[in-house]
Amino acid sequence: MKTLTKIAIAAAAVSITATAMAQPKPENFVKQRQSALALIGWYFGPMGAVAKGEQPFNKDDAVRRTSNLVALSKMPWEGFVAGTDNVGNTKALPAIWTNAAKFKDAGTKMEVEIAKLAQLANAGDADGFKKQFGVVGGTCKACHDDFRKQ
Ligand code: HEC
């Protein structure tokens with residue numbers, strides 16, 4: 001009985017490992033990057049009203065949004081695996097893979113500028129924050145212009 005239990009546990013462990021190691025399907029890579037980018041839009045977009053002066057700067061909200069953005073800004077890139085330029089409803093352009101260095105650079109720029117935005121939020125620097133919002137927005141646009149279907 002004891003041996004059988006051990007075997008059962010060992011078999012379960014093997015199947016869990018097999019599941020964890022399974023290669024995601026191409027459409028799941030697309031879902032991964034689109035989900036991360038959709039969340040980046042979700043946390044970033046509403047701060048535009050603050051940058052335009054339509055809403056007052058609120059430090060707690062800015063800290064919450066930018067700390068989420070710091071984590072999210074690192075996530076989309078692993079979803080851009082080769083061979084997923086024509087999968088599902090993706091708007092990814094083939095240039096992402098033919099000009100990979102430029103794409104990576106565009107992604108790094110966004111990460112760096114988002115980190116600065118988070119620092120300004122944490123410092124409660126409303127004016128700096130509003131200016132930096134535009135800089136981050138510029139990194140989004142630059143990449144979309146070159147690498148996303150319009
Ligand atoms: C390095 C390139 C790059 C940067 C930087 C970038 N994006 Fe994108 N973004 C893309 C690509 C490529 C897609 C299309 C992905 C797909 O459909 O597979 C996309 C898609 C999106 C989407 C649509 C997601 C969905 O629902 O399918 C949103 C929203 C978005 N980006 C917002 C942003 C915002 C906001 C920023 C800046 C803070 C940003 N992106 C920065 C490349 C980038």
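A short reminder: the numbers here are calculations on the coordinates, not readings from a lab. This one's a predicted model, so the numbers in the text were calculated from it and none came from an experiment. So basically every Cβ, Gly included, is an ideal-geometry build from the backbone, and we count neighbours across all protein chains shown.
Residues that are among the hydrophobic types (A, V, I, L, M, F, W, C) and free of Cβ contacts under 8 Å to residues at least 60 places away in the same chain within the range 52-91 comprise VAL63, LEU69, VAL70, ALA71, LEU72, MET75, TRP77, PHE80, VAL81, ALA82, listed in sequence order.
When the residues of the range 67-101 are filtered to those that are among the charged types (D, E, K, R) and over 30 Å from GLY124 (Cα atoms), which remaining residue is farthest from the ligand (Cβ to nearest atom)?
The extreme case among them is GLU78.
VAL81 satisfies every condition listed in (1) under 24 Å from GLN23 (Cβ atoms); (2) touching an Asp or Glu at 6+ places or on another chain (Cβ under 9 Å) except (2). With the requirement that a residue be in contact (Cβ under 8 Å) with a residue 24 or more places away in the chain and either more than 12 Å from the ligand (Cβ to nearest atom) or closer than 17 Å to THR66 by Cβ (or both), what does the range 102-119 give you? Listed by number, the residues that qualify are LYS109, MET110, GLU111, GLU113, ILE114, ALA115, LEU117, ALA118.
Looking only at residues of the range 120-134 that are loosely packed, with under 15 Cβ neighbours inside 10 Å and not charged (D, E, K, R), we find that the one that is nearest to GLU78 (Cα to Cα) is GLY134. Beta carbons closer than 8 Å, at least 6 apart along the sequence or on distinct chains, pair a first residue in the range 24-39 that is under 14 Å from SER73 (Cβ atoms) with a second that is within 9 Å of the ligand (Cβ to nearest atom) and not in a helix (DSSP H, G or I) for ARG33/PHE80; ARG33/ALA92.
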